[in-house]
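A short worksheet on the structure shown next.
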Amino acid sequence: MTPELIPVLSAEEIDLLVSDLAQRISSDYQGRDLVLVAVLKGAFIFLSDLVRKLTIPVKIDFIQAASYGSRATSCGQIRLAKEIGVDIKGCDVLLVEDIVDTGLTIDYLLDYLRSFQPRSVAVCALIDKPERREREVPVAYVGRGVEKGFLVGYGLDHAEDYRHLPGIFHLKL
Ligand code: 5GP
């Protein structure tokens, strides 16, 4: 059977959400040393759209998490596949993530980033999926809450497919 793609957010809707987030971030971090740390690979399009809408200067870095074991059984242990390369000590850091689902990845990455003694660390996620949340994580900036379903497009993949789609879809296999 061919997988079904059910539209969740159009490119136009995403554009409005990202503009709104960029406006809030630009205002909140005015005059500060802000480093955006995006989580690979899913956040790559979100980050590139977000930075171009900011009205303040920022530094950019990438981080990559990988999980041991099965995420489906919710006992997947997280490890780093790519460390940060920018010195964030004393800086304000904004962790830019595509989706917060169980919260385990963000929880792990926040602890990791805090070990470098930044001035502050906050989270910006395009999509918040609270349904499967296991760890309470502070997400200061959320584009949109989505109740459930596996999402693809706008950087989000399923087995490396669908990242190129300009909108976000619910993938029904
Ligand atoms: P968490 O640790 O919060 O469960 O997982 C966050 C990561 O799982 C996200 O960075 C994303 O890579 C992946 N993820 C969670 N939900 C989805 C989804 O609906 N679609 C895709 N493509 N990835 C997801």
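Taken together, the values in this text are just the output of simple stated rules run on the coordinates, not laboratory data. Small disclaimer: the values here were computed from a predicted structure and weren't measured. Note that each Cβ is placed from the backbone with ideal geometry, even for glycine, and that neighbours are counted across all protein chains shown.
Each residue of region 147-162 in order: what ³J(HN,Hα) in whole Hz does its phi give by Karplus 6.51 cos²θ - 1.76 cosθ + 1.60, θ = phi - 60°, with x for Gly and Pro?
Running phi through 6.51 cos²θ - 1.76 cosθ + 1.60 with θ = phi - 60° gives 4, 7, x, 9, 9, 9, x, 6, x, 8, 10, 10, 6, 6, 8, 6 Hz.
For region 27-71, just say rounded, prolate or oblate: build the C-alpha gyration tensor, square-root its eigenvalues into a ≥ b ≥ c, call rounded for a/c under 1.5, and beyond that prolate if a/b exceeds b/c, oblate if not.
The shape class here is prolate.
Under the definition of Cα pairs under 8 Å and six or more residues apart, what whole-number percent is the relative contact order of region 105-172?
22 percent
Between LEU80, VAL142, SER115, whose Cα lies farthest towards the positive end of the dipole of region 17-168 when Lys and Arg beta carbons carry +1 and Asp and Glu beta carbons carry -1, centred on the Cα centre?
It is SER115, whose Cα lies furthest towards the positive end.
Just add up the charged neighbours of LYS41: K/R +1, D/E -1, any other residue whose Cβ is under 13 Å from the Cβ of LYS41.
-3
So in the chain, what percent of DSSP beta bridges are antiparallel if you round to the nearest 5?
Beta bridges within the chain, antiparallel portion: roughly 35 percent.
Applying the Karplus parametrisation 6.51 cos²θ - 1.76 cosθ + 1.60 with θ = phi - 60° to the phi angles of region 79-94, what ³J(HN,Hα) value in whole Hz is obtained for each residue in order, glycine and proline being reported as x?
Listing the rounded values in order: 9, 8, 9, 8, 7, 6, x, 9, 6, 9, 4, x, 9, 8, 10, 10 Hz.
Return the subset of LYS59/LYS148; LYS41/LYS172; LYS41/LYS148; LYS82/LYS172 for which the Cα-Cα distance in this structure is over 24 Å, preserving the input order.
LYS59/LYS148; LYS82/LYS172
Share of antiparallel DSSP beta bridges in region 77-173, in percent to the nearest 5?
25 percent
Just name one of PRO7, PRO130, PRO57: the one whose Cα is farthest towards the positive end of the charge dipole of the chain (beta-carbon charges, Lys/Arg +1, Asp/Glu -1).
Final value for the positive-end residue is PRO57.
What ³J(HN,Hα) values, in whole Hz, does the Karplus curve 6.51 cos²θ - 1.76 cosθ + 1.60 give for region 23-31 when θ = phi - 60°, with x put for Gly and Pro?
Once rounded to whole Hz, the list reads 5, 5, 5, 4, 6, 5, 10, 3, x.
Skipping prolines and chain starts, which residues have an amide H placed within reach, meaning under 5 Å, of the one on VAL123, given they are 5 or more residues away or on another chain?
Sorted by chain and number, the residues that satisfy this are LEU95, ALA140, TYR141.
Using only the alpha-carbon atoms, how far is helix 44-53 inclined from the longest principal axis of the chain? Give it as 0 to 90 degrees, nearest 10.
Approximately 50 degrees, to the nearest 10.
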